[in-house]
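The values are calculated or read from the model by the stated rules, or taken from the named source; none is laboratory data. Predicted model, so just to flag it, every value in this text is computed and none were measured. Here the Cβ positions follow ideal geometry from the backbone for every residue, glycine too, while neighbour counts run over all protein chains shown. The protein model used for the area step is the full one, side chains on, heavy atoms only, and it has no ligands, DNA or RNA in it. Shrake-Rupley method; radii C 1.70, N 1.55, O 1.52, S 1.80 Å.
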Amino acid sequence: MSTYPSAVDYTLALQNPGNAFADARLRAATFTQGLLGPYGIAGSSAVVFHGVVENDDCALRCYTREDASTPERYAALGSYVTDNRLSEYVGNVTWFQEEVRVKGARWPVLKMPWIEGQQLNEYVAFLADGGNKIALRTLAARWLELINSLQRVRFAHGDLQHGNILVDQQGQLRLVDFDSVWIPPLQGQEAPTESGHTSYQSQAGTAKTRWGPYMDTFSGLVIYLALTALAKDPGLWPKFNNGDNLLFERDDFSPPFDTEVWKRLAELADPDINRLTGKLKDCCAPGWVASKSLQDTLSPKWWEPQNTPAPPTASAAGTAAGTTATATSTPPAGATGTGATTPLAATPWAAATTPLATTPGTGTTGTGATTPPTGTPASGGSTGSTAATTSIPWHQASGPQPSLPGSLPPPPKTPVQSAVAPQSGKLPSSTGSWHSAKPAATDGDGSWWATQQGKAPALPSAGAAAKKNQQPRRRNQEVVVAWVVFVLLMIVVGTVLAVALVHQHH
């Protein structure tokens, strides 16, 4: 097998799409341009280009190393996504074999929809910087819904991390980069070599041993706990985000769990956070292997304190909208409607079936009410009342869950750049944000794809940006000093030349 082209090789080849591609549709593609040619987003195994193909915005993924990706795998993925109605989270893909000519050989290209949005870490920075606890709470609930929807149909992404999760302009979570995906049709095939982002993966096992239907349980819990904690205290973001994570890093996943992030989470003294941190610590145990879904992992064991209500029943689930909701447990046997309820000491708001509306307010009335899960009839209540907003932890409920309302603010379209990767937008200084390729920790600010467009301002209040901006400030000061020295030198040279000319004239 020949050595795969580099990201630079692809960029130079795509300067002339008409000569580079075999498919007539791709030969007519146009690309967002950088200084060297089409602007690429490079990761550990591929470089992604934003192209317009037949009037559609597309992401073209060109591989820089060999992995388990094949046309058969992606054909199976496309069929599985369609059959299980996962297109809300997973875009349709098209594989082109021996498509792009680079350095005398032809290489495969994967075409996917270009998603206009923002990476999860950049969107979380946007919310945390603004102290938007309600939106962070909603985001946590949406994330839990996404994981539940995927695992219900035995779909595993394999590398859930901030760079592979986008928030589009409708506030919808979207996934990209499916080279590590597991679905039942791929059972028994070669496992991918991609090990996943270390800030989101258990230290137990390898990529091959983890590959299976529940390999997203650990990373899903890491992200859910981070979002839930940030919704409690957005001030955790500038302290623990390093530009390539949310809150946790690889070293945090090792006993005895005495790193600073665990201490700060304990200081919150929040029952929900304590419960989730306990679950994550259990999953960090040496030799732990994911053998069940995140929903089952979060469900309390029989010996654990029952701080959460039981799943709703047909007699207790539904009441119509109108009156103020209160945190209540499942009514005792024989009770119906809103009667015979017992207040909860601590109900996990982040586990509610439907998140509260993002409009701040003092009660949980009207649009903030919870709706019963799909297939659960609303009964036992009078018209004009509402179900308890936080009484249904959806990760305990069985069957399909309702879609969450569109209550997240859209990501900002301002083409600025975070400390790790460019944000969304179609301007040359940004990526358009397909982001299938993960930013590698070793890429740094000096990588060629980061410098093609120059460096836009970092997010002003993100923790990583604040840390990394110290070095750019020093570089800016050095540039200013260099220019001053240059100007003074030119003045001196000009003066000397002028004096010499005067003397020569005389």
Run residue 62 past the list (1) outside any strand (DSSP E or B); (2) open to solvent by less than 20 Å² (accessible area, probe 1.4 Å) and report the number of the one that doesn't hold. (1)
Examine the stretch 98-106 for a residue that is in contact with a Ser or Thr (Cβ under 8 Å, 6 or more places away or on another chain), on the phi < 0 side of the Ramachandran plot and open to solvent by 20 Å² or more (accessible area, probe 1.4 Å), and state whether such a residue exists. yes
Take the residues in the stretch 65-78 that are small (Gly, Ala, Ser) and free of Cβ contacts under 8 Å to residues at least 24 places away in the same chain; name whichever of them is least open to solvent (accessible area, probe 1.4 Å). 78
Index of the failed condition, residue 154 passing every other in (1) under 17 Å from the mean Cα position of the chain (by Cα); (2) among the basic types (Lys, Arg); (3) outside any strand (DSSP E or B): (1)
Among the residues of the stretch 210-218, is there at least one that is open to solvent by 50 Å² or more (accessible area, probe 1.4 Å), assigned to a loop (DSSP other than H, G, I, E, B), in contact (Cβ under 8 Å) with a residue 24 or more places away in the chain and touching a helix residue (DSSP H, G or I) at 6+ places or on another chain (Cβ under 6 Å)? no
Select from the stretch 186-228 the residues that are under 20 Å from the mean Cα position of the chain (by Cα) and of a type in the set (S, T, N, Q) and list them in ascending order. 195, 198, 199, 201, 202, 217, 219, 228
Among the residues in the stretch 272-288, are any in a loop (DSSP other than H, G, I, E, B) and over 24 Å from residue 212 (Cβ atoms)? no
The one condition residue 277 fails out of (1) at pLDDT 95 or above; (2) exposed (fewer than 14 other Cβ atoms within 10 Å of the Cβ) is (2)
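Okay, residues lined up against (1) open to solvent by 20 Å² or more (accessible area, probe 1.4 Å); (2) assigned to a strand (DSSP E or B):
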position	(1), (2)
111	yes, yes
115	no, no
137	yes, no
140	no, no
143	no, no
163	no, no
Would the stretch 166-188 turn up any residue that is at pLDDT below 95, at positive phi, open to solvent by 10 Å² or more (accessible area, probe 1.4 Å) and out of contact with any Ser or Thr (no Cβ under 7 Å at 6 or more places or on another chain)? yes
State whether the residues of the stretch 36-48 include one that is buried (at least 19 other Cβ atoms within 10 Å of the Cβ) and without any contact (Cβ under 8 Å) to a residue 40 or more places away in the chain. yes
Determine if the stretch 188-207 includes at least one residue that is in a loop (DSSP other than H, G, I, E, B), in contact with a Gly (Cβ under 7 Å, 6 or more places away or on another chain) and closer than 24 Å to residue 144 by Cβ. yes
Residue list for the stretch 10-52, filter: in a loop (DSSP other than H, G, I, E, B) and among the β-branched types (Val, Ile, Thr): 32
What are the residues in the stretch 184-216 that are touching a Lys or Arg at 6+ places or on another chain (Cβ under 7 Å) and under 21 Å from residue 143 (Cα atoms), if any? 197, 198, 199, 213, 214
